[in-house]
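Structure record follows, encoded as structure tokens.
Please treat every number below as a calculation from the coordinates, not as lab data. Quick caveat: nothing in here was measured; it's all calculated off a predicted structure. Counting neighbours? That spans all protein chains shown, and the Cβs are built from the backbone with ideal geometry, glycine included.
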Amino acid sequence: MTALRTEDLETLLAERDGPCVSLYLPTHRTGRDIKQDPIRLKNLLKQAEHELEGVAIRDTDAAGILQPARDLLADPDFWEHASDGLAVFLAPGFAGTYRLPVTFQEKCVVSGAFHVKSLLPLLSGDGQFYVLALSQKHVRLLHGSRFNVGELEPDGMPTNLKEALWLDDPERVLQYHSGTPGGGGRRAAVYHGQGGASDVEKTHLLRYFRLVDDGLVEFLGDDRAPLVLAGVDHYFPIYREASRYPHLVDGGVKGSPDDLSAATLHDRAWAMVEPIFRTEQEKASRRYTERAGKGGTSETLAEIVPAAHHGRVDTLFVALGEQRWGAFIPDGTGSVILHDAYEQGDRDLLDVAAAATLKAGGRVYALPRERIPTTDSALAAIYRY
């Protein structure tokens, strides 16, 4: 899988029987290092096997849990379509694999739940965006972060104008005139027979962009990340007329994107969205500071976890690279049990709070500790009520 959504995080954090194995590693799209990627995974699997021995699991059970990842080692096609990072999640009866446009540090975590904090920047409000590069010959959707970009391949999205309008079959295209049955609601094209070439071109482009937008909206779902359009100038107003995605950024990367690399598109789009992210995060930090001590915020884990579970957290700041092990009992009093170190069956409660916030439609900023707007905690929350 090359995209990550909030519902994927919900799946990963579901209650499971038996130990959960979380593996993260950097991967490479091209070059000599691509041959080292399966070796990295193999080494992490050896580490996971060793750690599974420490949770009183039989060798046969451990082999069954790890087998789906071991199968990847012998699949050359899997490695030929790598992204910048690979995340693998294994548990009894479950295996999930994500090829994602972000570089991970190598990590193996065996615990009572999947370790998802390394995924949070992909779902947080701190720097995730999309670039839709449009020309008549190509459609490219890129998923970018502050440091990385990767190309996605959404099912159902046309890859060029010819594919979308069947221009390789002129007889079929000519059937899409005004009033022709089968045009399909707003997708029906209108050909006037007379009029300038620009009118015909706009008709083609509007239908083309609506089909692209249909695939985009279906693929992105309820994602709230900004979308930057890349294309020639006169495409922008036509695409805005077609688009239903509510987070389309004003302006865009101007010029034909066909000759631009993913890295160049990333740099030009990042220059447009970085001020948006910086402004949003600064506003959120100021909101926290203004409301701190007045009952609308908290930096206490035992308060924030149940509040997030009940949908009360509007904005959560959580420190990357830190864990707080324990358990949350949602029934009854909503007790939070903290442990000084990992104990069998524990969850990282920072992960739990972040996932619950995202599930309830809140915003999460996964940040280095020094950027959390409080000096005394690994997390801080702004409440809705």
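Hull volume per residue, based on the alpha-carbon atoms of region 259-340 and their convex hull, is 148 Å³.
Over 30 Å between Cα atoms, which of LYS202/LYS254; LYS117/LYS137; LYS137/LYS283; LYS107/LYS283; LYS117/LYS254; LYS35/LYS137 qualify? Check vs 30 Å cut-off fails for LYS117/LYS137; LYS137/LYS283; LYS107/LYS283; LYS117/LYS254; LYS35/LYS137.
Rounded to a whole number of µm²/s, how large is the Stokes-Einstein D of region 279-383 at 25 °C and 0.890 mPa s, given Rh as the Kirkwood radius over C-alpha pairs?
Details: Rh = 13.7 Å.
D = 179 µm²/s.
By count of other Cβ within 10 Å, fewest leading, how are THR11, THR375, THR27 ordered? It would help to have the intermediate numbers written out before the result.
Working: THR11 13, THR375 8, THR27 21.
Fewest-to-most ranking of THR11, THR375, THR27: THR375, THR11, THR27.
Each peptide in 322-329, 133-140 was scored by the mean count of other Cβ atoms within 10 Å over its residues; highest first, the order is 133-140, 322-329.
Exposure proxy shown here: for SER118, SER335, the number of other Cβ atoms within 10 Å sets the order, fewest to most, as SER335, SER118. Restricting to the chain, compute how many DSSP beta bridges are antiparallel as a %, nearest 5. Restricted to the chain, the bridges split so that about 75 percent are antiparallel. Considering only region 279-383, what is the antiparallel percent among its DSSP beta bridges, to the nearest 5? Beta bridges within region 279-383, antiparallel portion: roughly 70 percent.
Dipole size of region 15-108 about its Cα centre, with +1 on Lys/Arg Cβ and -1 on Asp/Glu Cβ: approximately 280 debye, rounded to the nearest 20. Just checking the listed ones, PRO76, PRO121, PRO38: in the Gaussian network model of the chain with Cα springs under 10 Å, the one fluctuating most is PRO76. The ranking of ILE238, ILE65 from fewest to most other beta carbons within 10 Å of each one's beta carbon is ILE238, ILE65. Look at the alpha carbon pairs under 8 Å that are at least 6 residues apart: their mean separation over the length of the chain gives a relative contact order of 16 percent. Working value for the chain: equivalent-ellipsoid semi-axes of 42, 27, 18 Å, each the square root of 5 times a Cα gyration tensor eigenvalue, largest first.
With R₀ fixed at 25 Å, the C-beta to C-beta distance from GLU218 to GLU151 puts the FRET efficiency at about 0.90.
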